[in-house]
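Read through the structure below, which is laid out as structure tokens, and then see the notes.
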Amino acid sequence: MEYLKKAPKTASTGERDVRDTVQSILDEIETGGDAAARAYAKKFDGFDGDILVGPEDRAAATHKVSQKLKDDIRYARDNVRRFAEAQRASIVDTECEVVPGLIAGQKQIPVSAAGCYAPGGRYSHVASAIMTVTTAKVAGVGHISACSPPRPGEGMNPAVLYALDVCGADSILNLGGVQGIAAMAFGLFNTPPARVLAGPGNQFVAEAKRILFGRVGIDMFAGPTESMVIADKTADPEVVAWDLVGQAEHGYNSPVWLISLDRTLAETVAARVPELIAELPELNRDNAAAAWRDYGEIMLCDSREEAVRVSDEYASEHLQVQTEDLDWWLENLTDYGSLFLGEETTVAYGDKVSGPNHVLPTKGAAHYTGGLSVGKFIKTVTWQRSTREANRDIGQACARISRLEGMEGHARTADVRLAKYFPGENFDLSPLD
């Protein structure tokens, strides 16, 4: 494998710098409650209005959003909902008879409350509002809180507010950043404490979720958005270049990578990407230019097997394949957040409207997890019941293993049942011959 362009930075560059800051904000808000969260909303977002969005503001947002945009939001919501419903149908209760007389099973129980975060800094992420709230709703979560950064004197973006409302958020907060995550986790502003936090955000949001993990569940440890394209000689270099640029605009630290099986294609894309970046509006251009300069990579592989090895090693959040024989790649690729096969689909479709969730693992987390799904909001719990006769074998084995481990109290919980259910019988309850 040959690097035609190697990134000087990684997605983890500089992340330790935010840890102490985030911890101190969380501590202060946990101690100070609503008032502390309000203070941070004013400090960071210049917002001193109502934090909890009322029915009037929800209705007002509906009137501020054009009918065309409302139709698009509902179209995306319906696609996400249909896919989430298919996921939910695949997660089922089950039971089996482990040994005669012992029935064990599992139940799927939605969490009682969830917190959904929709970013609103550089860009207002309507799609994140749709992805998180809709998925939690389909999972059957009892109460869904949601938040997004407000603008001074206005509150959150009306389109984001409309999306949160139409997708089913029970409580909506004009809060962003660490203070928004903290408010949902701690149950501020008359909301129940979230049992699971979900949604993308900047490095401060990601660090807040990381610190709170264990106390609450989170969708995943997330870093900056990252995207990889695998392409061969049949790929259109213009399409490949735009797919890289389109993801680089997320932010200055968003990695974009190309694995090419053809040198001419790789060189053409390398020349074209800076030209396409220059065509973007200023904010998008600045983000994409920095991301390409510091995090962009182009790798040349001489076989598709080598391309698979490199791709799986990176375990990218988004993985596009623009090659011949797409079924081969579907069969052989294993480590990615979400896979986009063929030129006819693109990460942007998945980001916004196509259905599968766009909250996906980054920084190598795709080695062990997939993206946000209804399963993130559901607990798989187990149960068991037994007949008295089944205690004959189970009780003896339990008592002997417990004594081998030195846990006499455990052993005697089995002893007492054997004595009660089988009076007069003698059992060998020692682990030693």
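Each listed q (0.17, 0.27 Å⁻¹) maps to a log10 I(q)/I(0) for the stretch 391-433 from the Debye sum over equal C-alpha point scatterers, namely -0.37, -0.89.
In degrees, nearest 10, range 0 to 90: what is the angle between the Cα axis of helix 19-45 and the longest Cα principal axis of the chain? Relative to the chain, helix 19-45 is tipped by roughly 70 degrees.
Using only the Cα atoms of the stretch 158-212, each taken as one equal point scatterer with no solvent, compute I(q) by the Debye sum, divide by I(0), and report log10 of the ratio at q = 0.18, 0.23 Å⁻¹. Log10 of I(q)/I(0), two decimals: -0.62, -0.98. Computed packing ranks the peptides 243-249, 311-317, 346-352 as 243-249, 311-317, 346-352, most packed first, by mean other Cβ atoms within 10 Å.
Two numbers describe the Cα atoms of the stretch 83-127: Rg and Dmax, which are 19.0, 61 Å. Where Rh is the Kirkwood radius over the Cα pairs of the stretch 179-242, the temperature 25 °C and the viscosity 0.890 mPa s, what D in µm²/s does Stokes-Einstein return? Translational D for this selection: 174 µm²/s. Here the stretch 238-320 is described by how far its Cα atoms reach on the three principal axes: 40, 25, 18 Å, from widest to narrowest. Within the full protein context, the accessible area of I91 is estimated at about 40 Å² for a probe radius of 1.4 Å.
Report the per residue volume, in Å³, of the convex hull enclosing the C-alpha atoms of the stretch 33-111. All intermediate terms of the calculation are to be shown ahead of the outcome.
Values: hull volume 15.5 nm³, N = 79.
In the stretch 33-111, the Cα convex hull volume per residue is 196 Å³.
Here r is the Cβ-Cβ distance between R74 and E267 and R0 is 60 Å; the resulting FRET efficiency, rounded to 0.05, is 0.85. With equal scatterers on the alpha carbons only and no solvent term, can you work out the Debye log10 of I(q)/I(0) for the stretch 65-139 at 0.15, 0.25 1/Å? The computed values of log10 I(q)/I(0) come out as -0.67, -1.16.
Here the relative contact order of the stretch 281-390, from alpha carbon pairs under 8 Å that lie six or more residues apart, stands at 22 percent. Ordered by solvent-accessible area of protein heavy atoms (1.4 Å probe), largest first, the residues V416, V229 come out as V416, V229. Largest first, the residues T225, T382 sort by 1.4 Å accessible area into T382, T225. In the full protein context, the chain carries 47 Å² of accessible surface per residue, based on a 1.4 Å probe and ignoring ligands, DNA and RNA.
Note on R82: accessible area approximately 130 square angstrom, rounded to 10, probe 1.4 Å, nucleic acids and ligands left out.
Measuring only protein heavy atoms, the 1.4 Å probe finds S124 accessible over about 50 Å². When a/c is below 1.5 the answer is rounded, else prolate if a/b is larger than b/c, else oblate, so apply that to the chain with a ≥ b ≥ c taken from the square roots of the Cα gyration tensor eigenvalues. Note, shape of the chain comes out oblate.
Taking K and R as +1 and D and E as -1, what net charge do the other residues with C-beta under 11 Å from the C-beta of A104 add up to?
Values: positive: R385; negative: E95, E97.
Summing Lys and Arg as +1 and Asp and Glu as -1 gives -1.
With respect to the chain, whose longest principal axis is taken over its alpha-carbon atoms, helix 391-404 is tilted by about 80°. So how tilted is helix 158-167 from the main axis of the chain? Cα-based, degrees 0 to 90, rounded to 10. Between helix and principal axis, roughly 30 degrees.
Where the accessible area of the chain is counted over protein heavy atoms with a 1.4 Å probe, how much of it, in %, is carbon and sulfur? Display every interim value, and only then the final one.
Values: 10100 of 20260 Å².
Result for the chain: 50 percent of the exposed heavy-atom area is carbon or sulfur.
Charge tally for V269 (other residues, Cβ to Cβ under 13 Å; Lys, Arg +1; Asp, Glu -1): -4. Using C-alpha pairs under 8 Å with a sequence gap of at least 6, the mean separation divided by the residue count of the chain gives a relative contact order of 19 percent.
The values are calculated or read from the model by the stated rules, or taken from the named source; none is laboratory data. As the structure is a computational prediction, the values presented were derived from the model and not from experiment. FYI the Cβ positions are ideal-geometry reconstructions off the backbone, even for glycines, and counts take in every protein chain you see. What goes into the accessible areas is simple: the full protein's heavy atoms, side chains included, and nothing from ligands, DNA or RNA. Shrake-Rupley method; radii C 1.70, N 1.55, O 1.52, S 1.80 Å.
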